[in-house]
1. Return P(r) of segment 297-392 (all Cα-Cα pairs; 10 Å bins starting at 0; whole %; ordered from short to long distances).
2. Using modelled amide H (1.01 Å from N, peptide plane; none on Pro or chain starts), what sits under 5 Å from the amide H of residue 325, excluding residues fewer than 5 places away?
3. Using the Karplus curve 6.51 cos²θ - 1.76 cosθ + 1.60 with θ = phi - 60°, what ³J(HN,Hα) values do you get for each residue of segment 379-385, in whole Hz, with x for Gly and Pro?
4. Given springs between every Cα pair under 10 Å in a Gaussian network model of the chain, which of 43, 348, 33 has the largest fluctuation?
5. Provide the three semi-axes, in whole Å and in decreasing order, of the ellipsoid equivalent to the chain as defined by the square roots of 5 times the Cα gyration tensor eigenvalues.
6. Going by amide H atoms built from the backbone, whose H comes under 5 Å of the H on residue 101, apart from near neighbours?
7. How big is the C-alpha Rg of segment 204-251 next to the rule-of-thumb value 2.2 N^0.38 Å, as a ratio?
8. Run through segment 101-159 and list the trypsin sites (Lys or Arg not before Pro) located in a DSSP loop whose Cβ has at most 16 other Cβ atoms within 10 Å.
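Bear in mind these aren't lab numbers, they're just calculated from the coordinates by the rules spelled out. Since the structure is predicted, the reported quantities are computational estimates derived from the model, not experimental observations. Virtual Cβ from ideal backbone geometry, glycine too; neighbours counted across all protein chains shown.
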Amino acid sequence: MPSNADDFVDSMGINVHLHNGNTLYGNFPIIFTALRDLGIRHTRDGLINTTWEEYYRRHAQLAANGIRCLFITSPDDTDAQLLRFTEKVSGAVEGFETPNEYDSSGDSNWAAKLSGYMPRLMVTAASIPSSHRITIVGPSLVTADGYKKVPGLAPDFDEANMHNYFGGHNPGTPGWGDNGYGSISWNLALSEKAWGNKPVVTTETGYLTDMRVEQSIGESLQAVYTPRIFLEQALHGIQRTYLYELADGNDVVPQNERSFGLLRDDGSRKPAFYAVQRLVRLLSDPGPRFSPSPVELELGPAVPGLHHLLFQKRNGLFYLAFWLELSSFDQQSRKGITIQPVAVTLHTRSHIRSAHLFSLDPNLPAEGISLDVSKNLPLTASVNVSILEFDLAH
């Protein structure tokens, strides 16, 4: 059964730091243009009670252009501050997130503070006048042990939270430690054990590109892996994924944190920017909700790592995203791994009336190519995501 194409686009978010005036984020025209061109509709930023009014105006301007924000709160935020902040950013708040990675804050009393703060945050958010309900996102915890120290918090938030970085491994990695440590499934298991069946969002994940830093993968591979992050997370039922982050830092940011961006610190765009932009543009389909049509198809043979997701738009067209979820980089040797493309075939019960194939590889033309059609359509799967747009005869 296909999913709504636009629901997937709506599951994509990205981190920003609009208060960091001493980095590229200080150049708001570049940031605004990049966000608008990227097409992602959701950002995540710190909730900062500042006298710098421009910070509030920037978020309000993004909101006026359909880009709203999940704001990270602090236990020190008062009810009055939360209300005043919501008024100042003029419709930008779509959610409040509980304190970021609080189990690594150095506060030995973090668990008690978090347990006392979260019920208040839920009540305060519900009391704030808003055109929509303000979502509460639960705590992001750094250690597995942290989950054991805050039992019983699930009633105090709407969505559970993960920070699942892949340590330079591919997004679909089976993990690199005991019991699949580091994999999406391993992280989800921690959440389920602590929070039950709460829906899950990932508020941070991404890749470093500075090859002088451990766990970096470089800009070219970032362009391969980043679209796969969003797709793999969706395959695992994660409700929204916020990529870390839009823009690189500069020398005021620690070196092991400064190269996660889709933009370099001079404002130029990395290849991953264009790969994500293509993904958004191909699947974006805003409008009223609809029920996708059931369809019978098979993509095979079942070669190692072949993953796919099927989407549909309101005009009836189907979009099949497919790729080889295999590692293209060896973290031990710090060398690339060449993965050869594999021939696969799309089998359908209905006749394919038209088919157009797109690649998210920014080195290939964005326009894609038209394919000859039949019930059996030969394709090639690679580590770069391909998207097949097709129409079926009724």
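1. Per 10 Å bin, starting at 0, the Cα pair percentages come out as 15, 46, 29, 8, 2.
2. Distant-sequence amide H within range of residue 325: 306, 307.
3. Taking θ as phi minus 60°, the curve returns 9, 10, 9, 9, 6, 7, 5 Hz for segment 379-385.
4. Looking only at 43, 348, 33, the largest GNM fluctuation is found for 33.
5. Working: eigenvalues 249, 108, 97 Å².
Sorted largest first and rounded, they come to 35, 23, 22 Å.
6. The list, which skips near neighbours in sequence, is 140.
7. Against the compact-globule rule of thumb, the ratio is 1.24.
8. For trypsin sites (Lys or Arg not before Pro) across segment 101-159 that sit outside H, G, I, E and B with at most 16 neighbouring Cβ atoms in 10 Å, the list reads 133, 149.
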